[in-house]
Amino acid sequence: PPSWDAISVVSLILNDNQISGTIPDGWNIQTQQLELDNNLLVGSLPEFTNFAIMSLLSLEGNHLNGTIPDSYYTIRTLALTENQLSGELPEDITSIYLYLGNNHLSGTIPGQWGTNTIRELDLHGNQ
């Protein structure tokens, strides 16, 4: 994404813009909604600064790889479909809407997920 040091907006939606490169670790973004779908982003998922206020993170249709940090599973709506993410699903999550289809995730759905408040879960096309 653009090399903005700090961004503070309610929603930042930059879908379908051919944005390339990596998302920097510690990107100081203060937003409730971040959408960077269908761009050319590569690399691993970063740790964001001010992550607590984010309620929607959508990075679908990029070329992101590596594992999903546990902190991501606290976001109300997490959409990471169609990347190259790997690893196993964590035991504890608080996400309500979870879209992780068409990645390289493996393992079983943790038993505790049946007692969580997940309303929508998409895991199609994984291992």
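Numerical summary
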{"read-out": "Alpha carbon Rg of the stretch 1-68, scaled by the compact-globule rule 2.2 N^0.38 Å", "value": "1.01"}
{"read-out": "Contact order relative to length of the chain, as percent, for alpha carbon pairs under 8 angstrom and 6 or more apart", "value": "17"}
{"read-out": "Cβ-defined net charge surrounding PHE51, 13 Å radius [Lys, Arg +1; Asp, Glu -1]", "value": "-2"}
{"read-out": "Spin-label pair ASN116/HIS104, simplified geometry with 7 Å Cα→Cβ offset, distance in nm", "value": "2.3"}
{"read-out": "Separation in nanometres of the label points that stand 7 Å from Cα toward Cβ, at GLU88 and ILE7", "value": "3.5"}
{"read-out": "Solvent-accessible area, 1.4 Å probe, carbon plus sulfur percent, for the stretch 1-84", "value": "46"}
{"read-out": "Relative contact order %, the stretch 8-76, counting alpha carbon pairs below 8 Å whose residues are six or more apart", "value": "31"}
{"read-out": "Theoretical gain in end-to-end length, TYR97 to ASN17 [0.36 nm per residue, Cα-Cα removed]", "value": "26.3 nm"}
{"read-out": "Inverse of mean 1/r across different Cα pairs in the chain, Kirkwood, Å", "value": "14.7"}
{"read-out": "Computed label-point distance, nm, for sites ASN50 and ASP25 using a 7 Å Cα→Cβ extension", "value": "2.1"}
{"read-out": "Normalised contact order of the stretch 54-127, rounded percent, pairs of Cα under 8 Å and 6 or more residues apart", "value": "28"}
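The values are calculated or read from the model by the stated rules, or taken from the named source; none is laboratory data. In this text the structure is predicted, and so the values were computed from the model without any measurement. Here the Cβ is made from the backbone with ideal geometry for all residues, glycine too, and neighbour counts use every protein chain on show. In case anyone asks, the SASA skips ligands and DNA or RNA and just uses the protein heavy atoms, side chains included. Shrake-Rupley method; radii C 1.70, N 1.55, O 1.52, S 1.80 Å.
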